[in-house]
1. Is it the case, given these coordinates, that A:ALA438 is in contact with a His (Cβ under 9 Å, 6 or more places away or on another chain) and assigned to a helix (DSSP H, G or I)?
2. Being away from chain B (no Cβ under 14 Å), part of a helix (DSSP H, G or I) and within 20 Å of A:VAL446 (Cα to Cα), is that true of even one residue in the stretch A:316-336?
3. Name the one entry in A:ALA303, A:ALA308 that is modelled with pLDDT of 95 or more and either at the interface with chain B (Cβ under 8 Å from one of its Cβ atoms) or farther than 12 Å from A:ASN268 by Cβ (or both).
4. Of the numbered conditions (1) more than 9 Å from every other protein chain (Cβ to nearest Cβ); (2) surrounded by fewer than 22 Cβ atoms within 10 Å (Cβ to Cβ), C:MET75 fails exactly one; give the number of that condition.
5. Please find, among B:ALA241, B:ALA219, the residue that is away from chain C (no Cβ under 14 Å), buried (at least 19 other Cβ atoms within 10 Å of the Cβ), within 20 Å of B:LEU73 (Cβ to Cβ) and of a type outside the set (Asp, Glu).
6. For B:GLY196, all conditions in the list (1) within 23 Å of B:ARG94 (Cβ to Cβ); (2) surrounded by 21 or more Cβ atoms within 10 Å (Cβ to Cβ); (3) over 23 Å from the mean Cα position of the chain (by Cα) hold save one; what is the number of the exception?
7. In the stretch C:75-115, what residues are closer than 21 Å to C:ASP137 by Cα and outside any loop (DSSP other than H, G, I, E, B)?
8. Of all residues in the stretch A:337-351, how many are free of Cβ contacts under 8 Å to residues at least 40 places away in the same chain and either more than 8 Å from chain B (Cβ to nearest Cβ) or among the aliphatic types (A, V, I, L, M) (or both)?
Amino acid sequence: MRALRVIFYCCLLYALPAHALTQADLAPLVGDDFDAKLTLVDKLGESDDKAAKTVLQALSDGNLSASSSGQVVLSQGDTYVDAATGAPVTVNAADLQDVVVNNRMHRHLDSALAGLSLFDADAKIRLAAAQQLAGHADAEFLPVIVKAVKREQDPKIKKLLLQSQAMILLDSTDAAQRKEAAQILGGSDSPKVRASLAERIDKNAQGSAIETDPAVRQAIVKAIAKIDSSMAMAEYLARIFSGISLGSVLMLAALGLAITYGLMGVINMAHGEFLMIGAYATYAVQGVFRHFFPVQLDWYLPAALPVAFIVTFLVGVILERSVIRWLYGRPLESLLATWGLSLILIQAVRTIFGPQNVEVANPGWMSGGWEVIPNLILPYNRMVIIGFSLGVLLIVWLILTRTRLGLFVRGVTQNRKMADCLGVPTSRVDTLTFGFGAGIAGLGGVALSQIGNVGPELGQSYIVDSFMVVVLGGVGQLAGTVAGGFGLGIVNKFLEPWIGAVLAKIIVLIFIIAFIQKRPQGMFAMKGRTVDN
Amino acid sequence: MDMLKKLYGPTGWAAILVALVVMLVMVPVMALLVPKTSAFHLSAYTVTLFGKYLCYGIVALAMGLAWGYGGILSLGHGLFFSLGGYMFGMYLMRMIGGLGQYGSNLPDFMVFLDWKTYPWWWWGTDHLAYVLLMVVLVPGVLAFVFGWFAFRSRIKGVYFSIITQALTYAAMLLFFRNETGFGGNNGFTDFKFIAGFPVAAASTRAGLFAITGLVLIVALLACRFIVLSKFGRVLTAIRDAETRVMFCGYNPLPYKLAVWVFSAVLCGIAGALYVPQVGIINPSEMSPANSIEIAIWAAVGGRGTLLGPIIGAGIVNAAKSWFTMSFPEYWLYLLGLIFVLVTLFLPQGVMGLLNRWKRT
Amino acid sequence: MMSISATANSEERSISGAHVLIPGELDLSHGVALYLDAINVSFDGFKAINNLSLTIDAGELRCIIGPNGAGKTTMMDVITGKTRPDSGTAFFGQTFDLTRMREAQIAHAGIGRKFQKPTVFEQHSVFDNLELALKADKSIWGSLFSRRNHEQTERIEELMELIRLQDFCHRPAGLLAHGQKQWLEIGMLLAQEPKLLLLDEPVAGMTDEETERTAELFISLAGKHSLVVVEHDMEFVNSIARKVTVLHEGSVLAEGSMSEVQNDARVIEVYLGR
């Protein structure tokens, strides 16, 4: 079967130069006649000779040189081969001159290479070639594409090819062809295609458009609408994703805050600074890796997690023991005192690390993204952070529900005096819990260092939002914090494109105030008599 | 006469009289008539600096009334202060006239944005009387609307603080934008004239100082009147036991709202006096940090008193001026420590300390 | 059953029987001070009040007893507007629909409440506490510019004598003993001149002598005022009660004289059975 198909393809391609490539064919490459070079590139692009592809690729990579005798050779590291035959040759490296390629040739080279790849046996290579062509197909490739379309079996590749063909045919002189092309392009979901469609019906300064035929215009309008709806879907999903991503960060920032307020009635304005310290701990660990283990640099992030947790935990414990324990049940005073602490922490970081932002790089495995559908690329770092915050949430939940400390925390939150009487070491529970809340914020700081600037004011920019999450979600409620965080994140991201980030913030604030009108205790409040007085 | 007696005793009135004479007579004389060579001459810089402290004193007084007596810790007072400042700043910008860098009738930043006319909200800002009205109305109305919703749903304590902080933060973001027509990042500056007088002249400075001093005294007396009336006692009762007050037949909403709006208006007036003296207003005045600092002025001076917050504002800001000049690196450490130490060890502030000292 | 022909909110004046109901004015002409019918309150699925119906006559002194969690405090919350019932009707006299009024309005209409935990204004002096409670113009303008007149001062002094705190006139209420705070709160209640007094555990923390005096006071108040007393101290209840209502799991379990209630089989089971 396979052999039959190969023969079939060969018959189709009979028009291309059938003889093996020789040095004579490559002669135009030597010298400065770019028109001749272009003709050769185009000719090679229509050949099915393996050697032609090698030459084109080498030309594109800049690996082709010519000796003073006019022999075109291909460099393979330190050795050279004959570009036409692939036979090894010995040449004097000093004698060689690079084959010069200009910009226009590069364009032709890309397309020629793509055209060649369209006939490759490997579907993956064909797909890649088709995708490349879809971006910028010139009219001269119409014949290649037409042939490839006829031969292509894979529906996905075929669709791409058809669209490339339609893009070219959009400039056809035949109105029927243009109309058909527009209809085909309606199945595309690329913003580029949409733009070039729109170009044809938009009126220019003189009030005339490129496309004048009413039937074609109508087809184009329809096609644009179709593309828009499929693009809107992608955008919608992208917004949900970035909302979830923002929400997960807010949730991480607010988790510790909600726990400590619920437990101790202390408003911790320095909570944002724990985020900041976590981020700086990440920066420090990165520095250590750079200096001592440059090979394992990509793995500094997992190492930063325990460091950030421990550092912020310790800072939290120290603050609790020295200042915060004296302020239990006095939220207003605690607000002021912890604000003072936050000023001191910020200035301390400025003194140690300097007032400028520091650079924390994404490890290699976190850069890039996953293209779910066209126009929807989910960056890996955001995905990792979402997964990470859910992981932290799970751990917090397990600790609160499954451990002795968790039992104590819940007990003290509900009735401090009673827990005290039952022999719960409330003061130790307070210290541990505060440290724990700080540690979670430290982990949040590690996550933040991967998506934003790391500077002394990092925490300040999150503190208002995290308080909003707590207010919205209800105090001391894990479920409330989660719902509040994700809710705020998603609402924010949906409002932003309409009215801008600032107005979105204001609308969200108004929404929260309106919400509190209805439910003053937040979404997930404890109800009944215990709440009052 | 009876009422005056009730407000302050003879010593109190004597002190107020002295303060008035110092601020309205002595300072202007020392600034304008005493020759520059004399040791008793006050430079325009000093007059402006103390004028600034007086403005802060008004704000701290407003905070002391709302927080110390009403139990409302507002983190939005920086916003009301800035709003008053911006309102008056609009007038000052109009008074620049064609003297700006671009020689246009519009403020420089509008020329820069390629705006051709004033947006509608600048309407009337070239009339001093209108602007003075707005200085009171804009913070007042905002405080009224916001407070009505907040107090109606019984948002109190730290919740209220957080929500007002968010409000301030949102407003700051809004004013940072160029499209809102308040000069974006740079705000308003380069003022030239106020009611026909050149802003930078020593006589204008002395005059503004005297007016600020007078406003502070009047505000103090008004607050004293409120605090001593039954209104003031209901207010502290609401602070201590709101439910009991309700079951006594009082509706706490108008009480809280009234004191909160009055406090906001005082801040607005202080802001309007501040801007011509300092010569600039920009959105960073609205940063949440500023509002919290106002609270610490009141705390340092002593909550539950009226004089305390004014003194506190003076102490903290004098320390700030000195530190940021001599040891700029250490000011935030000190400010942070003040926050921590005052809340932990000086809940009654300086006034509490004085009272204790007086008793022993 | 009484007929309800007008609510406090409606503007119209309708004829019911022989007299005119005036919205905004207390009408006890049918001899009913408080009328609760089919009240339901639930918190997160927990039914705190379950189909509760209760009528208090004008001038009556009613004691309400019941085990913990029977809904006594929640019932007071409903009457004073602190908690809105999920369903049911609550009327004060014939004109005030309590389910539509805010706490301050209800207090103004003539219902006074003493809390389980004595709540007085701790920073204020005894005198100020009473003055603030005094029946007067309670709007902001009223309190900003009004001056205390001679009659009011006399009334406050009278009250201080009644609650035996005349020697502590200028002492901050926060410094009083627990029993004295209870008395002060009762004094504040009386200063309001309410028609209906709700008293939640009024004698908790009082000495025997104080308790006795409280009982005397309550008995002397009945007739002019209607009183609802929630109490755990059975001796005290016994000394004042004419009619007792037993609440259990949010509804009325039994009603009658003290001896009737004490011999009721269901009451015995609730109190002793488990």
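1. On the way: in contact with a His (Cβ under 9 Å, 6 or more places away or on another chain): yes; assigned to a helix (DSSP H, G or I): yes.
Criteria met by A:ALA438.
2. Yes, the stretch A:316-336 contains a residue that is away from chain B (no Cβ under 14 Å), part of a helix (DSSP H, G or I) and within 20 Å of A:VAL446 (Cα to Cα).
3. A:ALA308
4. If we test C:MET75 against (1) more than 9 Å from every other protein chain (Cβ to nearest Cβ); (2) surrounded by fewer than 22 Cβ atoms within 10 Å (Cβ to Cβ), just (2) comes out false.
5. Of B:ALA241, B:ALA219, the one residue that is away from chain C (no Cβ under 14 Å), buried (at least 19 other Cβ atoms within 10 Å of the Cβ), within 20 Å of B:LEU73 (Cβ to Cβ) and of a type outside the set (Asp, Glu) is B:ALA219.
6. Condition (2) is where B:GLY196 drops out.
7. C:PHE96, C:GLU103, C:ALA104, C:GLN105, C:ILE106, C:ALA107, C:HIS108, C:ALA109, C:ILE111, C:GLY112, C:ARG113
8. 4
The values are calculated or read from the model by the stated rules, or taken from the named source; none is laboratory data. All values derive from a computational prediction rather than experimental measurement. Glycine gets a Cβ as well: all are built from the backbone with ideal geometry, and neighbour counts include every protein chain shown.
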